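Step one of this worksheet: look at the structure below.
The values are calculated or read from the model by the stated rules, or taken from the named source; none is laboratory data. From a predicted model like this one, the values you see are computed outputs, not experimental measurements. To get the accessible areas, we keep the full protein, side chains included, count just its heavy atoms, and leave off ligands, DNA and RNA. Shrake-Rupley method; radii C 1.70, N 1.55, O 1.52, S 1.80 Å.
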Amino acid sequence: MAVEEPANLPVELGEHLDGCEACRAWMRSYGQMNEALNRLAVPASGGYGKIAVLERVRGVPTINVSQSTNHKPIDSVKPMPIDLEDDLPKKKRQLAPFAAKYWPVGVIAATLLVGVIAWLNLRGQKPQQQTPQPSDPMLDNVVRLNVEFAKAQAPADRVEVLTKLADELNQEMREIARADGTGENMQALEQMYRKVVLQGLVAQAKQVAPAQRAAVLGPIANRLAAAKKIASETAAASPEHSAVRLRNVADIAGDGAVEIHKLIKEAAI
Amino acid sequence: MIRSASILLIVAALCAVVGAQGPKTGLTAAQQQQLFQRNRAMIQTLVDSTVDMSTMSGDYVYRAKTYRKVIMEFQRELGSAAETSDAGRIAELGSHLDTLMRQGLAPSMRAARQQAASGTGKKDLMDLRDRTVELVDWLQDKARNQWADTPEVRDVIQKLELSKKELNESVSP
């Protein structure tokens with residue numbers, strides 16, 4: 001076993017093996033074992049075993065040199081420092097044990113971070129400013145006409161104000177006909193127009209003195225006829241759900257004009 | 001024949017005038033549609049009020065009563081605008097409310113006072129005045145204590161004070 005290379009045996013050992021069957025058998029076993037050892041894979045390790053050994057080596061007392069005359073006294077001899085960092089395999093830091101130990105701290109830290117970010121974002125937030133909408137010219141006009149009517153004393157003045165109100169409603173219908181997706185607003189406007197023309201305007205026209213009817217109501221009738229024509233033309237270019245409302249308004253305007261003409265005719269008789 | 005032709009010409013001219021009325025103040029159709037949608041309830045109430053006044057044009061007490069519905073509708077919308085801190089809307093509606101109270105309701109009440117110098121009409125008028133002033137007080141109180149302190153809100157409070165003064169004066173002997 002002290003032979004370094006089994007293939008190159010010393011001469012005397014080789015002569016012995018030639019004459020000794022037992023030793024030859026033993027030699028064969030030794031060769032097989034040696035071969036098996038060479039094929040054996042070195043198990044993977046983190047190097048901790050080696051570390052442990054070297055640390056033990058480093059921790060062992062210095063060599064007892066007092067028994068040697070050629071060596072200096074023990075106190076003056078210091079062991080050669082072993083630079084473990086160069087020799088040892090680098091320790092692979094594994095996160096799993098660390099995470100397993102400190103995960104609650106991590107959760108708390110993450111929660112605090114999210115909270116701080118949210119607080120910083122929300123702290124200075126003002127209520128969202130609404131996009132300012134322009135004032136409504138139609139509302140302005142309807143308010144103005146309402147108080148104008150309240151001040152109007154004579155039927156002729158009231159008829160004039162009601163005609164303006166009807167024109168306002170008619171114009172609004174023409175302008176939103178294509179924008180009103182459901183037709184709900186057009187329907188509301190049609191109902192308002194019907195009320196203003198047939199319940200308001202025509203009823204108030206009857207209050208106008210017969211002597212004034214031709215002068216006062218003539219232009220009103222003409223305006224209603226014009227409104228009928230315009231509403232019909234706009235209906236032709238509008239989506240059907242708006243067109244039907246415009247056609248109704250055209251009919252209302254036409255009916256109103258007919259009623260006004262009747263009143264003028266009655267007065268003329 | 002000449003008469004028919006002249007009527008046709010007048011109608012054609014009127015059509016040209018009416019048809020030439022372009023969109024209001026540069027607003028698009030979509031914008032007008034949105035504005036109408038937003039203000040529809042107030043416009044409806046105003047139109048109803050106008051027509052109601054026309055059907056009972058001689059009855060100023062009735063006329064004054066129709067304004068109560070209008071004012072309640074506007075104060076409701078004004079409250080919504082204040083809750084959403086919509087300064088432009090507060091200014092717009094505050095101005096309209098002031099107009100309706102001082103140029104619509106107060107003159108109607110003055111006319112009604114003369115009309116109902118004696119009789120039950122006077123009591124109705126006083127009741128109407130008191131309830132309207134209560135409404136104005138309530139609105140002022142809300143504006144002072146619950147709405148944001150902005151120039152628009154302060155302007156509304158001041159206008160309401162002037163309206164209250166005119167209402168009181170409109171039926172005082």
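Some observations on this one:
- Separation between Cα centres of segment A:127-194 and segment B:88-106, rounded to whole Å: 16
- For residue B:138, the accessible area of its heavy atoms, probed at 1.4 Å with every protein chain present, is near 120 square angstrom.
- Area hidden from solvent between A and B (accessible, protein heavy atoms only, 1.4 Å, total, Å²): 4400
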